[in-house]
Amino acid sequence: MSKRPRFKVGDTIFYPSAGVGVIQSIEEIYTGGEFRPCLVIRIPETRMTVKVPQDNAEKNGIRPLLNGRKLKELFKVLSASSRKRVTGGNWAERCKEIERRINSGSCLELGEVVRDLMRWKQQSGLSFEESMLLETASGYLAREVAAVQGINTDAAIGRIRDCIGVEN
């Protein structure tokens, strides 16, 4: 059984639907007839502040940033073979599945999405929706890699592209 991450003020975390953020405070909010502790998360990239009940943090996919072992796993995923691109069927369903994977909270799923979309883009191009999903996913991944490795976002994008084996 994995231990539940406990977050404290000042922690840098990953929030799946927004990217890298910092816990600014923990406030008590009144909801559902009771007071509950709530994480106040500041997302620097968008200057957005999000409040998430502390007991829902894990369910929402909020997690600590990658550690060294997970970062190595991520780079293995990025350099692995891509999934075959499904071109038939309903494009809206495909995009929903990609979006679900981006928002799953899993750094490895996010890495797979970025790897596959970057390679598909280079091979045959992407639809507008796929391009937007690639922009979102690669931004999230690059900001997390940059925060973990202490580099800027452009350098992180370069490392991700090098791992995947695509050109700028």
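The values are calculated or read from the model by the stated rules, or taken from the named source; none is laboratory data. All values derive from a computational prediction rather than experimental measurement. No Cβ is skipped: glycine too gets one built from the backbone with ideal geometry, and neighbour counts run over all protein chains shown.
Listing for the model above:
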| quantity | calculated |
| --- | --- |
| ILE29 in contact (Cβ under 8 Å) with a residue 24 or more places away in the chain and in contact with a Cys (Cβ under 6 Å, 6 or more places away or on another chain) | yes |
| Number of positions in the stretch 13-51 that are within 15 Å of ALA147 (Cβ to Cβ) and assigned to a strand (DSSP E or B) | 11 |
| Options ASN67, ASN60; residue that is within 23 Å of LEU141 (Cα to Cα) and surrounded by fewer than 14 Cβ atoms within 10 Å (Cβ to Cβ) | ASN67 |
| Per-region count, the stretch 132-156, residues of a type in the set (A, V, I, L, M, F, W, C) and farther than 10 Å from VAL114 by Cβ | 8 |
| Tabulated pairs, the stretch 111-135, first in the same structural domain as ALA92 (by TED's automatic domain parsing) and within 17 Å of GLU97 (Cβ to Cβ), second at pLDDT 90 or above and exposed (fewer than 14 other Cβ atoms within 10 Å of the Cβ), C-beta under 7 angstrom, 6+ apart or interchain | none |
| Qualifying residue in the stretch 78-101 (condition: surrounded by fewer than 16 Cβ atoms within 10 Å (Cβ to Cβ), in the same structural domain as GLY158 (by TED's automatic domain parsing), touching a Pro at 6+ places or on another chain (Cβ under 8 Å) and closer than 24 Å to THR153 by Cβ) | no |
| ALA80 vs. criteria of a type in the set (A, V, I, L, M), more than 19 Å from the chain's Cα centre (by Cα) and within 30 Å of GLY125 (Cα to Cα) | no |
| Filtered residue count, the stretch 140-168, keeping only those that are more than 16 Å from the chain's Cα centre (by Cα) and aliphatic (A, V, I, L, M) | 4 |
| Filtered residues of the stretch 13-45 (kept if within 16 Å of the chain's Cα centre (by Cα) and either at pLDDT below 90 or of a type outside the set (Val, Ile, Thr) (or both)) | PHE14, TYR15, PRO16, SER17, ALA18, GLY19, GLY21, ARG42, PRO44, GLU45 |
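Yes or no, residue by residue, for (1) modelled with pLDDT of 90 or more; (2) more than 30 Å from GLY150 (Cβ to Cβ):
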residue: SER2; (1), (2): no, no
residue: ASP11; (1), (2): yes, no
residue: LEU71; (1), (2): yes, no
residue: SER82; (1), (2): no, no
residue: TRP91; (1), (2): no, yes
residue: GLU97; (1), (2): yes, yes
residue: SER104; (1), (2): no, no
